[in-house]
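Only one structure is covered here, and it is reproduced in the block below.
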Amino acid sequence: MTPEDIFVKVRDTLVDALGVDDDEVTLESRLEADLGAESIDFLDIVFRLEKNFGIKIPRGELFPEDLASSDSGLVKDGLVTTEGLASLKQRMPHFDLEKFSLDPKVENMRDMFTVQMLVNFVKNKLAV
Amino acid sequence: MRWFWIDRFTEFQSGQSATAIKNVTLAEEHLHDHFPGFPVMPASLMLEGMAQTGGILLGEKHHFEHIVILAKVPVVTYHGWVVPGDTITYKARLMDDRPEGGSVEVTAHVGSRLVAEAEIIFSHVEQTGDFQHLNQKNFVFSSGLLSILDVGKAGDEVLS
């Protein structure tokens, strides 16, 4: 499956999950800020990606759950620490860590949840 | 009024599917307002019946260890009226089941007539932290609602 094929299927997934038009979905679109996703939509997206691509997505693999919690030890004063970034790199290779590292505020993390991130994730999954 | 929008399970395949019925009666107060002279089952309450059928199906799979909340209804379509005297049959199939939640597809029939269908997504909320003082009664189903699971057993041998 080419990256273009993956994008088309991810786009269709988001059209179904978020009720957006297909021309609103680009690789750069942010799931929350641009496409209006809410937290519960992430579960819906996971369900649909599993179904549409025939893959299994364990909890927390696509979207990190515990990173931002105060007792994770990976966040200090609202910033993801060096250890946190290392953990992200290991757990989320689909995440654009280079860009996030420029301003690693926890609140910026959700802006990193983009269509490109989903495409990267599926590409990695299918390659295994 | 008690928040029971199904009357009985007539089939329950743990982790797979469940069928429940709801008898609609003019004794239900809201039907006299919805609408005066034209009583029909509110669509929102049919959705509640679908959610209770599917929510219990999901909850039972995990032995009711999680609080199950109705998170999202990606698709719901209504096809026709339901009036007093009708028996609605809700059929739910468990489509996804994960530690963080699950989803079901549910249809509602009166006889052979399809009156509604929906996809419903539920989220599991753990009884820890902010949620430790909550109990099931605030959510999709209460422990009282679970008594519906006993109705068939008590009344006849429909549910084995």
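The table below gives the values:
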| read-out | value |
| --- | --- |
| Some residue of region A:91-103 being touching a residue at least 24 places away in the same chain (Cβ under 8 Å), small (Gly, Ala, Ser) and surrounded by fewer than 18 Cβ atoms within 10 Å (Cβ to Cβ) | no |
| Residue selected from region B:4-40 under the condition closer than 25 Å to residue B:95 by Cα and assigned to a loop (DSSP other than H, G, I, E, B), by the criterion most open to solvent (accessible area, probe 1.4 Å) | B:16 |
| Selection count where residues are in a loop (DSSP other than H, G, I, E, B), open to solvent by less than 40 Å² (accessible area, probe 1.4 Å) and more than 14 Å from every other protein chain (Cβ to nearest Cβ), scope region B:85-100 | 1 |
| Residues within region A:104-128 that are in a helix (DSSP H, G or I) and either in contact (Cβ under 8 Å) with a residue 40 or more places away in the chain or in contact with a helix residue (DSSP H, G or I) (Cβ under 8 Å, 6 or more places away or on another chain) (or both), tallied | 14 |
| Neighbours by Cβ (under 9 Å, 6+ apart or cross-chain): first from region A:18-29, at positive phi; second surrounded by fewer than 17 Cβ atoms within 10 Å (Cβ to Cβ) | A:19/A:36 |
| Sole exception among (1) more than 14 Å from chain A (Cβ to nearest Cβ); (2) within 12 Å of the chain's Cα centre (by Cα); (3) not charged (D, E, K, R) for residue B:58, by number | (1) |
| Residue count for region A:7-43, restricted to those that are open to solvent by less than 20 Å² (accessible area, probe 1.4 Å), farther than 16 Å from residue B:122 by Cα and in contact with an Asp or Glu (Cβ under 8 Å, 6 or more places away or on another chain) | 2 |
| Only one of B:45, B:70, B:58 that is assigned to a strand (DSSP E or B) and either surrounded by 15 or more Cβ atoms within 10 Å (Cβ to Cβ) or touching a residue at least 40 places away in the same chain (Cβ under 8 Å) (or both) | B:70 |
| Candidates B:82, B:68 - the one that is under 28 Å from residue A:16 (Cβ atoms) and within 14 Å of another protein chain (Cβ to nearest Cβ) | B:68 |
| The lone exception for residue A:46 - which of (1) within 14 Å of chain B (Cβ to nearest Cβ); (2) surrounded by 15 or more Cβ atoms within 10 Å (Cβ to Cβ); (3) over 22 Å from residue B:69 (Cα atoms) it fails | (3) |
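The values are calculated or read from the model by the stated rules, or taken from the named source; none is laboratory data. Keep in mind it's a predicted model, so treat the numbers as computed, not measured. As a convention, Cβ positions derive from the backbone with ideal geometry for all residues, glycine included, and neighbour counts pool all protein chains shown. Please note that ligands, DNA and RNA were not included when accessible areas were found on the heavy atoms of the full protein model with its side chains. Shrake-Rupley method; radii C 1.70, N 1.55, O 1.52, S 1.80 Å.
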